[in-house]
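What follows is a short report on a single structure.
Read-outs throughout are calculated quantities, based only on the coordinates presented, and are distinct from any laboratory measurement. Keep in mind that what you see is a predicted model, and the values were worked out from it rather than measured. Virtual Cβ from ideal backbone geometry, glycine too; neighbours counted across all protein chains shown.
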Amino acid sequence: QVQLVESGGGLVQAGGSLRLSCAASGSIFRANVMGWYRQAPGKQLELVARFTSGGVTNYADSVKGRFTISRDNAKNTVHLQMNSLIPEDTAVYYCHLQNLDSYSNYWGQGTPVTVSS
């Protein structure tokens, strides 16, 4: 079992910044990947940023140059630094972990981000 706890969401004006954090605990294996997804009102869940199995970062085109994903392997924690926020970034952001051996997926409860104009 793996538990993911997100934090750092909130309300911010356009142009502002937020830093999201995701702390993983439980049965965490060495071979896993972590990332961030989001779901905007009336939209499908979409990938925002993640680490691939090779440790390379992937970003959605809409956030490239504005968002940065980072990790602290010792603490099993992933962060998402969000700069130059725009109203279209408004969504519930979910932390995600996939174990590369079992391909089991784990999700946090989500942290809401609202960007006002």
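Worth a mention:
- Charged-residue dipole, Cβ positions (Lys, Arg, Asp, Glu), the chain about Cα centre, Debye nearest 20: 160
- Efficiency of FRET from Cβ geometry, Asn83 and Ala31, R₀ 30 Å, rounded to 0.05: 0.45
- Extending 7 Å from the Cα toward the beta-carbon at both Gln3 and Thr57 defines two label points whose distance is 2.9 nm.
- In terms of its Cα atoms, the range 9-55 spans 38, 22, 21 Å along the principal axes, sorted from long to short.
- With the convex hull of the Cα atoms taken as the outline of the chain, the averaged projected area works out to 6.8 nm².
- The chain: most fluctuating residue of Ser53, Ser84, Ser27 per GNM, C-alpha cutoff 10 Å: Ser27
- Contact order normalised by residue count of the range 24-117, Cα under 8 Å, 6+ apart, percent: 29
- A dipole drawn for the range 44-117 from +1 and -1 charges on Cβ atoms has a positive end, and of Ser117, Val78, Tyr93 the residue lying farthest that way is Val78.
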